[in-house]
Protein chains: 2
Amino acid sequence: MSSVYEGPVQALIDELGRLPGIGPKSAQRIAFYLLKAAPEDAHRLADAIVDAKARITWCRRCFNFATGELCTYCLDERRDLALICVVEEPRDIVAVERTHEFAGRYHVLQGAIAPIEGVGPEQLRIKELLARVGEEGVTEVIIATNPNIEGEATAMYLARLLKPLEIRVTRLASGLPVGGDLEYADEVTLGRALEGRREV
Amino acid sequence: MSSVYEGPVQALIDELGRLPGIGPKSAQRIAFYLLKAAPEDAHRLADAIVDAKARITWCRRCFNFATGELCTYCLDERRDLALICVVEEPRDIVAVERTHEFAGRYHVLQGAIAPIEGVGPEQLRIKELLARVGEEGVTEVIIATNPNIEGEATAMYLARLLKPLEIRVTRLASGLPVGGDLEYADEVTLGRALEGRREV
């Protein structure tokens, strides 16, 4: 659709249409919803965006979201320093936490190796992971990348780098449906995969 | 999902999840996209919301979106004052405009009669439509509400009110797929429906 609405309406539709998973029809529907909504409701969304962008940074240690230097998990002193669970994205931490089966810390790669999309190892937080393993007395790294092609490739790559450091390197057990995303796994399946993790 | 992210992240997910058609997973995906996006991109969306809410009002005459007192169509003096096309929402005006078969003006009801959702005739801009018919020398009202239950009920209701005013009252021809929404109709179908409109 060409630009057919009053300027500010079209601008809003255009900006909404840039969001992932939002097509032109959805963008229009959301824009009209916002225009009809009470001003305070619409402003709460705008404020939430600005506030999140202003206050959220990356945890200096594990690259999860954080409001300060370190994230909730890195600040939690009850957590086992010797155990690191490596995930692709912050949302995967939430999936692992829901199992209540892991009490170590995390490392967020911020993606997976995907040559087609131009994501190589140097774009991920791999260098920082290796540094942590050296500095923090880590005895085991659990690789919890997604059980799809990119995630498996990333796991293989990490395993090759980590094995020479003489620590235990494990991968979530299969049991996860292959080809899927970690974030959609249910607690039981993901918990079982954690329990049955295997040496890589 | 319970509140598991850092405050500002969760607040953003919650606000996004209130939008129509955005489930919890989509809200999370969009939030992470915004958190990873360049600050200027995220702020452009926030600004578009605030700007649209600040500058867009309802046209005093037809209740379409407007940036001033009157909307684009009501300001356009080449448009036939004697012809009013009644639609449910501003998006329906765009659908009718795409046919290039209508050169009159519009009236936006801002909804349809839907007793189950608590929308009665008094919530719609019907009083204002009747006033316009009396004041603006209107000779025909084309009722272009959606060809679904609520739209048909609204059309019947309007026809009963308008007929005694001794004007022509028409309804878009069937040819539109019944049960659907006007906004999804293609130009040809909608154009044909306009041409073949019938007396109610």
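The values are calculated or read from the model by the stated rules, or taken from the named source; none is laboratory data. All values derive from a computational prediction rather than experimental measurement. Cβ: placed from backbone, ideal geometry, glycine included. Neighbour counts: every protein chain shown. The protein model used for the area step is the full one, side chains on, heavy atoms only, and it has no ligands, DNA or RNA in it. Shrake-Rupley method; radii C 1.70, N 1.55, O 1.52, S 1.80 Å.
Under a Cβ-only charge scheme (Lys and Arg +1, Asp and Glu -1), can you give me the dipole magnitude of segment A:7-55 about the Cα centre, in debye to the nearest 20? Mind dumping the intermediate values first?
On the way: 7 positive and 6 negative charges, 35 e Å.
Around 160 debye, computed over segment A:7-55.
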*How do B:TYR157, B:TYR73 stack up against each other in accessible area, from largest to smallest, with a 1.4 angstrom probe?*
B:TYR157, B:TYR73
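Accessible area lost on pairing A with B, both sides, 1.4 Å probe, Å² to nearest 100? Don't skip to the answer; put the middle values down first.
Working: alone 11890 and 11880 Å², together 18650 Å².
The contact between B and A buries close to 5100 Å².
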*asked:* Given the options A:ALA159, A:PRO39, A:LEU182, identify the residue whose Cα lies farthest towards the positive end of the charge dipole of chain A (+1 on Cβ of Lys, Arg; -1 on Cβ of Asp, Glu).
replied: A:ALA159
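From the Cα trace of chain A, what convex hull volume per residue do you get, rounded to a whole Å³? Walk me through the numbers on the way to the answer.
Working: hull volume 31.8 nm³, N = 200.
Per residue, the Cα convex hull of chain A comes to 159 Å³.
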*asked:* Rounded to the nearest 20 debye, what is the charge dipole size of segment A:77-199 about its Cα centre when +1 sits on each Lys and Arg Cβ and -1 on each Asp and Glu Cβ?
replied: 320 debye
*asked:* Once the label point is set 7 Å along the Cα-to-beta-carbon vector, what list of distances in nm do you get between A:ALA153 and its counterparts in the other copies?
replied: 5.5
*How many Å² of accessible area per residue for chain B, probe 1.4 Å?*
47 Å²
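With a cut-off of at most 10 other beta carbons within 10 Å, and DSSP calling the residue loop, which GluC sites (Glu not before Pro) in segment B:23-94 qualify? Please list them.
Working: sites: B:GLU40, B:GLU69, B:GLU77, B:GLU88; in loops: B:GLU69, B:GLU77, B:GLU88.
Qualifying residues, ordered by number: B:GLU77.
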*So if we plug the beta-carbon distance of B:ILE167 and B:ALA54 into 1/(1 + (r/R0)^6) with R0 = 56 Å, what FRET efficiency do we get, rounded to 0.05?*
0.90
*So how tilted is helix B:7-17 from the main axis of chain B? Cα-based, degrees 0 to 90, rounded to 10.*
20 degrees
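In chain B, carbon and sulfur make up what percent of the accessible area (probe 1.4 Å)? Working shown, then result.
Values: 4930 of 9320 Å².
With neighbouring chains kept in place, the figure for chain B is 53 percent.
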*If the limit is 20 Å between Cα atoms, which of A:LYS53/B:LYS36; A:LYS127/A:LYS163; A:LYS36/B:LYS25; B:LYS127/B:LYS163 go over it?*
A:LYS36/B:LYS25
_Label zone at B:ASN148 (point 7 Å along Cα-to-Cβ), backbone N below 20 Å, segment A:26-48_ = A:26-37
_Nearest beta-carbon to the B/A symmetry axis - residue in chain B, distance in Å_ = B:ALA46, 2
